[in-house]
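Since the structure comes first, as structure tokens, the remarks are kept for the end.
The values are calculated or read from the model by the stated rules, or taken from the named source; none is laboratory data. Values in this document were obtained by computation on a predicted structure and should not be read as measured data. As a convention, Cβ positions derive from the backbone with ideal geometry for all residues, glycine included, and neighbour counts pool all protein chains shown.
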């Protein structure tokens, strides 16, 4: 299956200057974690700015199914009454995470520390994604896979540990999902659970665990890594969470403003956690005009207002160690690279092959069908920028929201329109993307 049951194609056409201000949706990573940790805490957690996309709403449903009280109290405002660490109840039915690998994998970790059995499932795309690297460390902690498809794929039934064991685990790749699953399972284990990363991944779980009262130490490990040690069996306490705007979602209007001539766009409260800002650093190295102001923070997460103006971009070499801080943004960075002058080489993108689709191949295909010279060399993506893009192509989205949004951004500045075969899955992360871009002046036309 390569598209939704009711596909909604859309065409992006060369647009006049994008102008105005907007706030992109709340950060998806923070939204998932706020719901999960609120459910594992004692007392009430109030969440404002929650991303109300399908991925996060499926995590909210899973928390209800596991015994927490979760309710919407207003626009982007939610309240969670938790059950305490290891307090999840046995769900009556399979937990359906739709398209969300993050929600599914983090909840696997939380369930692994509880003496219950739960089945995890999702849509056709999620069923194709690997889960073995998540459940391997969870089995070391005492959880057990009761049933799954070949390769540890969904639907997967997991029996949580009755007596969870703390472990010392080195992640095989830089992955916040693996790290977070182990730490969430480690909440239920006595003693100290330690995760070692040779390349540091995003640290939202660590920051939010501290916000909810956990005892956690994070220290450097080697040149680029981290060692995270969590003391198990804390009593987490409900805490208010303000969800900053998602930098991964902000990437799309930012690149659109950079490549559409004359554009001047302001985005409010964008998260500036240094483990998530690789794209902004890369774009500035390419010559982008991105100004930050009104810096503030909440629950350990910094945020700022961004002003982005159209810029002449140049090709650069993007080092592999930057990948963990921008792994979801390479698709739209490739669009920026296509409009730059010169060659951009993005190194070390192995992780893109196991996302909602094989994003490395899908990104190359998106560019080729629109006349851009692109090459995959091992795990590197090489884009030959000419300062302009011919366009005119039909992009296969493969049920991937970020491919759809990246292709539409490309079409706003290409010489000929760019059409995507399906935009239905954009709602998983950015429900307001199309109307928001239209408010800024984007020419997005129904097919």
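Would you mind stating whether residue 187 is more than 17 Å from residue 168 (Cβ to Cβ), surrounded by 24 or more Cβ atoms within 10 Å (Cβ to Cβ) and touching a residue at least 60 places away in the same chain (Cβ under 8 Å)?
In short, no.
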Problem set entry | Residue list for the range 365-412, filter: over 23 Å from the mean Cα position of the chain (by Cα), more than 20 Å from residue 318 (Cα to Cα) and part of a loop (DSSP other than H, G, I, E, B) | 369, 370, 371, 388, 389, 390, 392, 393, 412
Exercise. Any idea which of (1) over 28 Å from residue 425 (Cβ atoms); (2) out of contact with any helix residue (DSSP H, G or I) (no Cβ under 8 Å at 6 or more places or on another chain) is the one residue 354 doesn't satisfy?
Worked result: (1)
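Just to check your reading of the model, which residue among 86, 65, 16 is over 19 Å from the mean Cα position of the chain (by Cα), assigned by TED's automatic domain parsing to the domain that holds residue 354 and farther than 24 Å from residue 297 by Cβ?
On the way: 86 fails: assigned by TED's automatic domain parsing to the domain that holds residue 354; 65 fails: assigned by TED's automatic domain parsing to the domain that holds residue 354.
Among 86, 65, 16, only 16 is over 19 Å from the mean Cα position of the chain (by Cα), assigned by TED's automatic domain parsing to the domain that holds residue 354 and farther than 24 Å from residue 297 by Cβ.
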For this session: Could you check, for the range 39-46, whether at least one of its residues is at pLDDT 95 or above, under 23 Å from residue 248 (Cβ atoms) and in the same structural domain as residue 214 (by TED's automatic domain parsing)?
Result: no
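Residues to consider are 298, 203; find the one that is out of contact with any helix residue (DSSP H, G or I) (no Cβ under 7 Å at 6 or more places or on another chain), in the same structural domain as residue 110 (by TED's automatic domain parsing) and in contact (Cβ under 8 Å) with a residue 12 or more places away in the chain.
Numbers: 298 fails: in the same structural domain as residue 110 (by TED's automatic domain parsing).
Step by step, each of 298, 203 is checked, and only 203 is out of contact with any helix residue (DSSP H, G or I) (no Cβ under 7 Å at 6 or more places or on another chain), in the same structural domain as residue 110 (by TED's automatic domain parsing) and in contact (Cβ under 8 Å) with a residue 12 or more places away in the chain.
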For this session: Search the range 427-447 for residues being at pLDDT 95 or above and out of contact with any strand residue (DSSP E or B) (no Cβ under 8 Å at 6 or more places or on another chain), and hand back the single one that is surrounded by the most Cβ atoms within 10 Å (Cβ to Cβ).
Result: 433
Exercise. How about the range 145-157: which of its residues are touching a helix residue (DSSP H, G or I) at 6+ places or on another chain (Cβ under 9 Å) and closer than 15 Å to residue 115 by Cβ?
Worked result: none
